[in-house]
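Chemist: Have a look at the structure that comes next, please.
The values are calculated or read from the model by the stated rules, or taken from the named source; none is laboratory data. Since we're looking at a predicted model, the values are computed, not measured. Heads up, the Cβs are rebuilt from the backbone with ideal geometry, glycines too, and the neighbour counts pull from every protein chain shown.
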Amino acid sequence: MTTTREYLDEVAASSANNYKPLPVVLSKGEGAWVWDVEGKKYLDCLSAYSALNQGHRHPRIVAAAKAQLDAITLTSRAFHNDQMGPFLHQLCSLAGFAKALPMNSGAEAVETALKAVRKWAYKVKGVPENKAEIIVCDGNFHGRTISIITFSTEPQYQDGFGPFTPGFKIIKYGDAAALEKAITPNTAAFVVEPIQGEGGVLVPPAGYLRKVREICTRHRVLFVADEIQTGLGRTGKMFCWQWEGEAAKPDAVIVGKALAGGLYPVSAFLSNEEVMGVFHPGDHGSTFGGNPLGAAIGRAALQVLVDEKLAERAQQLGEWFMGELRKIKSPYIKEVRGKGFLIGVELTGPARPYCEALMERGILAKETHDHVVRFAPPLVTEKKDLEWALAQIADVLVMSFEPALAAH
C-alpha cells in the first residue's frame with residue numbers, strides 16, 4: 001500500500017507549488033464523510049469550498065452521471081444536445097431569471113458576467129466605448145484570471161502577474177454609501193458576494209443588499225451577485241440574496257460549485273432578457289460549456305437540493321451549529337459569524353495549527369485569511385455527527401499553539 005508520505009512526496013516532486021493543503025490524502029467519500037489512503041475517517045467540514053452541498057457522491061447525482069456516460073458526453077455548442085435546454089430551464093426557473101449562459105468553472109462564469117455587463121453598458125446604457133467601469137469590493141474573491149485578480153485587494157494574488165486590466169473601482173465591503181459615491185455615468189455594474197467566503201466569512205450589515213438594489217436601480221447600474229459559494233442552499237436560502245427578500249433581487253447571478261454536486265465543473269451566468277440580449281453568435285463561448293454530461297449532472301444536483309430541502313436543512317442545523325460554536329469558552333476565539341452552513345471562527349492568532357489539530361481528530365476544516373477557521377459541512381450532514389464534531393472542536397479551540405504560532 002502506498003503511504004500518505006509517499007503520495008505527498010510524489011505531489012511535491014510533480015506538482016506546481018500553488019496550494020498549501022492539509023497533509024491528508026483522500027481516496028473515498030460518501031455523504032459528509034471521507035477516508036484517507038490509510039483508512040482513517042474524517043468529517044468533511046469544507047465541502048470543497050461549497051461544491052459538495054449535496055454531499056460526496058450523492059447516489060441520485062452519480063446515477064445521472066453514469067446514465068449520461070452511456071449516452072453522449074460532449075457535442076460542443078456547434079450542435080444542440082438533449083440535456084442543456086432542460087437544465088437551463090430548470091436553473092432559470094429555480095433562480096427566477098429569464099436566461100442562463102452555461103460555463104464550466106466559477107472563474108469562467110465571472111468572466112462571462114464581466115463581458116456581459118460591459119457590452120450592456122455600451123449597447124444598451126450608452127456608455128462611451130472602452131469607458132465602462134465595474135465596481136467591486138475590497139476583500140473580494142471572484143476567481144484567479146488576470147482580469148479578476150486585477151480587482152483583488154490580496155497582494156499575493158497580483159504579485160508577478162501584471163499588467164492588469166483597467167476599468168474597475170474598489171470600494172469598502174458592506175458600505176452602501178461608498179457604492180453610491182463611486183458611481184459615475186460610466187458605471188456598468190456592481191459585482192458583489194452576498195457573504196465574502198474567502199475574505200473570512202464576512203457578513204455585511206442587515207439591509208445592505210436592499211440598499212444596493214435601490215442605489216443600482218436609481219443610477220441604472222446592474223447589480224450582480226456572485227453566489228458561487230453562497231448559493232444553492234449553503235446559507236439557508238437557495239440564494240443568499242433571498243435573505244433580504246425580493247427587494248434585494250439582483251439583475252444577474254453567478255453560480256457554480258454545487259451546481260453539479262461536486263461531480264463535474266459546471267457554472268452559469270443568469271440574467272434578464274435585456275442583458276442576455278447583448279450576446280450574439282461568436283461573441284462568447286466554451287467548448288465544454290453546456291455539455292450534455294455536465295447538464296445531466298446539473299439537473300440531478302438541482303433536483304436533489306429541492307427534493308431534500310437542503311436549504312431549509314442548512315438554515316436549521318446551521319443556526320444551531322453556529323450557536324453551539326459561540327458557546328465555546330476560549331481566549332483564542334475572537335468572533336463566530338456566518339449564515340446557514342457557511343461559518344467562520346475568527347481567532348486571535350493563525351488558524352492553521354488549529355486546522356491541523358482538527359485533522360488529527362478526524363475533522364477537515366481549512367483556514368482562510370490566516371486567522372479564520374471556516375466550517376462549511378455538506379448540507380446533508382447529520383446532527384449526531386455535528387454533535388460529535390463540536391466536542392472535538394471545543395477541545396481544540398481551547399488549546400494553546402504558541403510555539404507553532406511563533407513558527408508562523
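A quick yes/no check of all residues on (1) buried (at least 21 other Cβ atoms within 10 Å of the Cβ); (2) more than 28 Å from residue 127 (Cα to Cα); (3) within 18 Å of the chain's Cα centre (by Cα):
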| residue | (1), (2), (3) |
| --- | --- |
| 220 | no, no, no |
| 234 | yes, yes, yes |
| 240 | yes, yes, yes |
| 252 | yes, no, yes |
| 256 | yes, yes, yes |
| 261 | yes, yes, yes |
| 267 | yes, yes, yes |
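Chemist: Right, something else. Check 387, 367 and return the single one that is without any contact (Cβ under 8 Å) to a residue 60 or more places away in the chain and in contact with a Cys (Cβ under 6 Å, 6 or more places away or on another chain).
Modeler: Matching residue, one of 387, 367: 367.
Chemist: Any idea which residue in region 212-250 is farthest from residue 108 (Cα to Cα), counting only those that are touching a residue at least 40 places away in the same chain (Cβ under 8 Å) and assigned to a helix (DSSP H, G or I)?
Modeler: So the residue we want is 243.
Chemist: If we scan region 264-272, do we find a residue that is in contact with a Cys (Cβ under 7 Å, 6 or more places away or on another chain) and either under 19 Å from residue 97 (Cβ atoms) or assigned by TED's automatic domain parsing to the domain that holds residue 223 (or both)?
Modeler: Yes - at least one qualifying residue is present in region 264-272.
Chemist: Follow-up question, since we're still on this one. Restricting attention to region 29-69, which residues are polar (S, T, N, Q) and under 21 Å from residue 390 (Cβ atoms)?
Modeler: Passing the criteria: 47, 50, 53.
Chemist: Here are some conditions: (1) buried (at least 22 other Cβ atoms within 10 Å of the Cβ); (2) more than 16 Å from residue 338 (Cα to Cα); (3) among the aliphatic types (A, V, I, L, M); (4) in contact with a Leu (Cβ under 7 Å, 6 or more places away or on another chain). Residue 192 meets all but one. Which one does it not meet?
Modeler: (4)
Chemist: When you scan region 25-47, do you find a residue that is buried (at least 19 other Cβ atoms within 10 Å of the Cβ), outside any helix (DSSP H, G or I) and assigned by TED's automatic domain parsing to the domain that holds residue 235, even just one?
Modeler: no
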